[in-house]
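The numbers here are math on the coordinates, done by the rules we state, and not lab data. Small disclaimer: the values here were computed from a predicted structure and weren't measured. Neighbour counts are summed over all protein chains in view; Cβ atoms, including those assigned to glycine, are modelled from backbone coordinates with ideal geometry.
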Amino acid sequence: MKKILLITFGLLVVLIGLFFVYRLLFAPERINLIGRTIETTFGFDNGVVKVYSCGKLVAQFLKVEKLTTAKGTYEKATRPYRFGYGYVDANLNGILEKEEKKRGKSYFEIPIYADYIYYDAKFIPEEK
């Protein structure tokens, strides 16, 4: 009887350990982090950020590499905004024009309460 209890307890401990190893290696957050690292490393930068105010499009950024949630250096707490780098689409037409590209990528921040959409466009038309 003691042997069966000992084996059962040992299996339970091993299963709990395997569960924590699985969560550490294959948690959705970990997989997303790995995916974002690969995308950033290999230069997948076709994201689009559209910022709305009162239901109207007020700003648009093209070829955004990624949106990152800011963390404090010393507090280790998440800051209430997201940031990224992208070309400013001045006329909001969704086409990267020569003048916009000439200005280069801009740093931008999006407050936590802002209405915005981020999506991967796969292809962003450029003016020739």
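Overview of results
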read-out	value
DSSP loop chymotrypsin sites (Phe, Trp or Tyr not before Pro) with at most 15 other Cβ within 10 Å excluded, longest remaining stretch of the chain	1-41
With 10 Å bins from 0: P(r) over the chain, alpha-carbon pairs, percent	11, 29, 25, 14, 9, 7, 4, 1, 0
In the range 1-91, GluC sites (Glu not before Pro) in a DSSP loop with at most 15 other beta-carbon atoms within 10 Å	GLU75
Distant-in-sequence amide H partners of LYS66 (H built 1.01 Å from N, under 5 Å)	TYR85
Most fluctuating residue given options VAL88, VAL58, VAL48, as computed from a GNM of the chain linking Cα atoms under 10 Å	VAL58
Restraint check, LYS63/LYS102; LYS66/LYS101; LYS71/LYS102; LYS50/LYS98, Cα-Cα greater than 23 Å	LYS71/LYS102
0 to 90° range, to nearest 10: angle between helix 2-26 axis and the chain longest Cα axis	10 degrees
Per-residue [θ]222 nm for the chain (sum of -39500 (n - 2.57) over DSSP H runs n ≥ 4, rounded to 500)	-11500 deg cm²/dmol
